[in-house]
Amino acid sequence: MPDEKIEVRNLKLSYGPREVLHGISFDVYENEIFAVIGPAQSGKTSLLRCMNRTIDFVANARVSGTIKVDGQNVRKIGHSFFKRLAGKRPPRFSDVFELRRAVGMVAPLPVGLPLSIYDNVAFAPRASGLTRRADLDAIVEKCLRQAALWDEVKERLHSLGTKLSGGQQQRLTIARALSHQPEVLCLDEFSIAIDPVTTMRIEDVLKELRKEITIILVTNLTQQARRLADRTMFLWNGEIVELDSNEVIFSDSPKDRKTYEYVNGIFG
Amino acid sequence: MSSSPTRKQRQRPRRALWAVAGETLLEWIIRLSGISAIIFVLAIFVFVFREAAPVLTNEEFNLVEFFTSIAWYPTSAQNVRYGTLALIAGTFSVTALAMALAVPFGLGGAIYISEFCRPRTREVLKIVIELLAAVPSVVWGFIGLTVMSRLLVEYGGAPVGVNMLNGAIILALMAVPIIVSIGEDALKAVPDSFREAGIAMGASRWQLIYRVLLPAAKNGLLAAVLLGIGRAVGETMAVLMATGHAVQIPHGILDPIRTLTANVAAELGEAPAGSPHYRVLFMTGVLLFTITFVVNLTADFVIRGVKRK
Amino acid sequence: MVTNENSPDQARFTKTRFGRRTELTERIAKTVFFLMSVAMIVPLVAIISYLVIRAWPSLSLEFVLDVPRKGMTQGGIWPAFVGTVYLVFISLAVSAPIGVMAAVYLNEYAKDNWLNRTINLAVINLAGVPSIVHALFGLGAFVYAARFGYSILSASLTLAIMTLPVIIASTREALASVPMSFREACWNVGATRWQTIRSIVLPNSISGILTGVILQVSRAAGETAPIMFTGAVFFKSIERGDLFAYNLNEQCMALSMHLYTVTTQVPKVEESIPYATAVVLLGSVLVVNATAIAFRVWLRARKKW
């Protein structure tokens with residue numbers, strides 16, 4: 001029996017009067033690739049934003065239910081400033097920023113920050129208080145290697161990250177997401193802005209990474225989920241239609257008829 | 001059990017407490033600065049009103065007379081009268097005349113810049129307009145007093161050079177840059193799809209502007225005009241120097257007039273602090289504050305109407 | 001076939017009478033609008049050249065450096081020039097930090113609630129308050145209530161409040177030009193709001209912010225009404241070329257005020273002196289403005305994304 005890394009229970013999310021997630025519950029296990037598939041507008045991105053609490057930035061979003069990462073409810077994370085001031089041991093994630101570093105996120109469109117390539121990757125470690133040059137150098141090299149970008153940029157680490165090509169920027173984004181040593185990496189349709197060759201390279205990277213971390217892969221390419229994931233969840237209109245291992249989901253006889261139809265391109 | 005040994009102990013770098021505390025402090029200072037704008041607006045009203053308020057109980061002062069009488073004799077020995085109607089009339093007549101001059105040119109300029117000219121010309125024109133907006137009001141007043149008044153006497157047949165028309169021309173020159181830049185923003189905010197649809201239907205550019213763009217941008221253009229009015233009503237030095245100094249209801253555009261703002265600027269220096277005259281001038285300030293407050297709020301609501309669409 | 005041998009295309013697409021009329025209206029419209037734009041430029045150029053010609057006899061570096069002589073009917077404008085510099089820099093030293101922080105709050109922190117809507121309205125109204133009302137406020141609040149007296153301090157604070165809303169507006173615009181995706185990328189890697197602002201938002205909008213502040217230099221320099229009753233005087237005697245002549249609690253002369261004085265209050269001024277004063281004031285304002293604009297154009301060319 002594998003360990004639960006993330007437990008989601010009865011998660012509801014609404015934007016103003018419109019409910020987009022209708023009370024969903026599922027677990028994500030440690031060191032698996034967990035794919036979420038489903039048509040547009042089915043609440044996939046919103047789900048990820050709940051996990052790392054970037055949903056806080058959406059003005060009219062209302063969340064209920066629990067999301068636990070390593071047993072700690074992320075919705076209850078405060079600042080624990082006074083706890084630390086008093087010398088007590090803070091909880092697993094002492095503040096929401098620490099949670100966001102533990103649950104990394106790669107957005108659909110590549111975003112190179114208007115900084116040098118080096119600073120792009122060193123940004124998160126610096127934000128967490130790391131300043132030693134040697135540590136930063138090591139992290140930058142490791143993450144760029146992991147994201148399969150090192151060889152292309154090692155000669156020009158100090159040129160602007162925004163001047164890289166789209167595919168390179170997406171790998172830079174992944175390197176940046178790895179730089180804060182996440183325990184969970186969420187990828188939100190990472191391949192929509194890049195070419196198939198780069199996509200395959202990144203997929204290889206993910207297969208490597210899965211030895212160390214848990215990966216949640218949101219995609220609307222069902223074939224990508226089939227290639228990469230251990231388990232796949234089919235989300236439709238804010239509800240879980242089916243969640244099972246890939247052998248079941250992508251077989252000829254998943255439990256739900258809709259899954260079969262979606263996976264095989266009959267609807268969606 | 002496959003629980004990895006590192007799971008609970010994995011140590012992540014954590015920011016130092018002083019850094020967190022400093023940041024929190026800074027964020028509160030930023031919040032405070034944000035609220036300062038409200039504080040300042042309230043403070044302006046409170047302090048101006050505080051200086052004005054005692055006159056409300058003065059028996060020589062009558063609030064009805066303040067608004068309806070044209071008799072303004074603040075320093076008279078026997079018959080002190082504080083009627084601002086002539087000043088209000090002066091303010092509104094010069095503003096109206098200025099707008100009659102500025103609105104066609106301002107909107108025309110906005111349309112030309114946004115629809116007709118080439119990008120390079122546009123850049124140049126926008127810079128010129130920005131520079132035009134930067135000319136200090138006292139310089140405009142000086143121009144009114146020296147250049148414009150001479151022109152009006154020589155070519156306009158005016159008995160005195162400093163008069164309502166002079167002030168209105170100067171105010172128009174000051175208001176045009178505002179109308180152009182805000183009007184151009186409003187036109188730019190009309191989606192290109194409107195233009196493309198119009199062109200696809202074979203409309204000429206003029207038809208496009210007249211039938212499509214002006215209706216679509218009308219709120220923004222109205223707001224541009226309102227803000228121009230706001231500036232003209234509140235302008236002090238230029239009208240002080242260019243409109244002459246007669247407290248009277250104007251009968252023609254070549255009559256000299258005095259506005260609310262110019263009146264305060266001209267008389268505040270001579271009114272002893274705390275005297276009824278001094279307080280009445282502050283009361284005029286309250287009136288001016290209220291007028292511009294209403295004009296600006298209206299402009300804002302009109303603009304917001306655009307954004308909601 | 002009756003088509004024209006030379007240009008068959010033209011023959012097929014002959015202009016109808018209606019078509020010709022549209023073309024005509026279009027040409028007229030374009031000309032009219034063009035003339036309207038020209039009508040804005042011509043006065044600026046004409047007036048400036050007229051002022052410069054009339055001012056020519058007095059214009060020189062000596063005019064700026066010299067003090068007024070013989071009851072301000074002769075001599076230069078040094079005390080007024082220095083006074084304006086003092087007023088501008090002290091007022092901006094107050095309003096720029098507050099204004100920039102207020103804009104950061106409004107653009108980066110504020111949620112859409114009643115408080116922040118009120119702040120927005122307040123900023124808009126603050127920008128619309130007539131300058132003479134600012135003068136009354138400065139007189140009531142700083143000169144009397146705060147007991148700063150008629151002084152550079154009172155005048156600068158009045159100017160500061162006057163320039164504040166415009167600094168807020170221009171800074172907000174600069175901040176808003178930084179794409180939202182940059183902020184989201186930062187938040188995703190666990191940066192706090194302030195870390196995001198400090199390392200991404202501010203460095204990429206500082207040029208726009210600075211341009212806005214520089215533009216306020218010229219606005220503050222030209223204002224007359226707010227300083228007239230709070231700290232500027234007709235005449236103050238200081239040494240020729242002395243840069244540190246004023247104290248914070250003293251009154252000072254100012255260029256804009258000086259222009260008003262020599263045109264309307266002082267009899268028998270040497271004829272070119274008011275013109276020269278106007279040219280120096282207008283010149284400094286336009287030079288500052290042009291610098292800000294050039295700065296902006298230059299920075300826009302080396303944008304990072």
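Throughout, read-outs are computed from the coordinates displayed, never taken from laboratory work. Remember, predicted model here, so these are calculated numbers, not experimental data. All Cβ positions, even for glycine, are placed from backbone atoms using ideal geometry, and neighbour counts span all protein chains on display.
If neighbour count is taken as other Cβ atoms inside 10 Å, put C:T263, C:T211 in order from fewest to most. Don't skip to the end; give the middle numbers.
On the way: C:T263 20, C:T211 23.
Listed from fewest to most nearby Cβ atoms, that is C:T263, C:T211.
In sequence order, region C:30-35 has phi-based couplings of 4, 5, 4, 5, 4, 4 Hz under the Karplus curve 6.51 cos²θ - 1.76 cosθ + 1.60, θ = phi - 60°, and Gly or Pro positions carry x. Applying a threshold of 32 Å to the alpha-carbon distances of B:K218/C:K303; A:K207/C:K111; A:K163/A:K207; A:K207/A:K255 flags B:K218/C:K303; A:K207/C:K111 as lying beyond it.
Measuring between their Cα centroids, region C:75-92 and region B:123-138 lie 23 Å from each other. Listed values for region C:291-298 are Karplus-derived 3J(HN,Hα) couplings in whole Hz (6.51 cos²θ - 1.76 cosθ + 1.60, θ = phi - 60°), namely 4, 4, 5, 4, 4, 5, 4, 5, and x replaces Gly and Pro.
When Rg and the Kirkwood Rh are both derived from Cα coordinates, the Rg/Rh ratio for region B:17-57 amounts to 1.40. Net charge in the neighbourhood of C:I77 (other residues with Cβ under 15 Å of its Cβ; Lys, Arg +1, Asp, Glu -1) is -1.
When the helix-only estimate is applied to chain C (DSSP H runs of n ≥ 4, each -39,500 (n - 2.57), divided by the residue count), what is the mean residue ellipticity at 222 nm, nearest 500 deg cm²/dmol? Numbers along the way, then the final one.
Details: 13 runs with 202 residues, N = 305.
That calculation yields -22000 deg cm²/dmol at 222 nm.
Candidates B:A77, B:L145, C:F182 compared by Cα position along the dipole of the protein assembly as shown: farthest toward the positive end lies C:F182, with charges placed on Cβ.
Work out the mean other chain Cβ neighbour count within 10 Å for the residues of C:39-51 and drop it here as an integer. Display every interim value, and only then the final one.
Details: counts 6, 13, 7, 0, 7, 7, 1, 1, 7, 4, 0, 3, 5.
Mean partner-chain Cβ count within 10 Å for C:39-51: 5.
Largest mean-square fluctuation among B:L26, B:L173, B:L151, in a Gaussian network model of chain B whose springs join Cα atoms under 10 Å apart, belongs to B:L26. Over chain C, the alpha carbon radius of gyration divided by the compact-protein estimate 2.2 N^0.38 Å works out to 1.36. Every pair of different Cα atoms in the protein assembly as shown enters the Kirkwood calculation, which places the hydrodynamic radius at 31.6 Å. Where does the longest stretch of chain B lie that holds no GluC sites (Glu not before Pro) found in a DSSP loop with 15 or fewer other Cβ atoms within 10 Å? It works out to B:61-269. For chain B, the relative contact order works out to 24 percent when only alpha carbon pairs closer than 8 Å and six or more residues apart are counted. The trypsin sites (Lys or Arg not before Pro) of region C:145-189 that DSSP puts in a loop, and whose beta carbon has at most 11 other beta carbons within 10 Å, are C:R147.
Legend: mean number of C-beta atoms from other chains within 10 angstrom of residue C-beta atoms, peptide B:277-287, equals 2. Close amide H partners of A:M105, meaning residues 5 or more places away or on another chain with modelled amide H under 5 Å apart, are A:C186.
The fraction of Cα-Cα pairs per 10 angstrom bin, counted from 0 for region B:81-308, comes to 8, 28, 30, 20, 10, 3, 0 percent, rounded to whole percents. Computed over every Cα-Cα pair of region A:186-253 and binned at 10 Å starting from 0, the pair-distance distribution P(r) comes out as 18, 52, 28, 2 percent.
For the residues B:G141, B:G274, B:G220, a GNM of chain B with alpha-carbon springs under 10 Å puts the largest fluctuation on B:G274. Note on chain A: GNM, Cα springs under 10 Å; of A:E141, A:E152, A:E183, the largest mean-square fluctuation is that of A:E152. Loop-located trypsin sites (Lys or Arg not before Pro) in region C:17-82 (DSSP state other than H, G, I, E, B) with a sparse environment of at most 14 neighbouring Cβ atoms within 10 Å: C:K70.
Axis of helix C:255-264 versus longest Cα principal axis of chain C: the two differ by about 80°, to the nearest ten degrees. How high is the relative contact order of chain C, in percent, with contacts defined as C-alpha pairs under 8 Å that are six or more residues apart? Relative contact order here is 27 percent.
Counting other beta carbons within 10 Å of each residue's own, what order do B:I127, A:I266, C:I227 fall into, fewest first? Could the numbers behind the result be given before it?
Values: B:I127 16, A:I266 10, C:I227 31.
The order, fewest Cβ neighbours first, is A:I266, B:I127, C:I227.
Between the amide H of A:E242 and those of A:F234, distances stay under 5 Å, these residues lying 5 or more places away or on another chain, with hydrogens modeled in the peptide plane.
Name the shape class, rounded, prolate or oblate, that the alpha-carbon gyration tensor gives for chain A, where a ≥ b ≥ c are the square roots of its eigenvalues, rounded holds for a/c under 1.5, and otherwise prolate holds if a/b is larger than b/c and oblate otherwise.
Working: a/c = 1.84, a/b = 1.20, b/c = 1.53.
Oblate.
Distance from the Cα centroid of region B:95-110 to that of region B:151-208 is 5 Å (rounded to whole angstrom).
For the segment B:14-20, counting C-beta atoms of other chains within 10 Å of every residue's C-beta and taking the mean gives 5.
Between the C-alpha center of region A:114-160 and that of region C:238-289 there is a gap of 56 Å.
Across chain A, the relative contact order, built from alpha-carbon pairs under 8 Å that are at least six residues apart, equals 26 percent. Evaluated at q = 0.14, 0.21 Å⁻¹, the base-10 log of the normalised Debye intensity for region A:1-158, with identical point scatterers placed on the Cα atoms, takes the values -0.91, -1.36.
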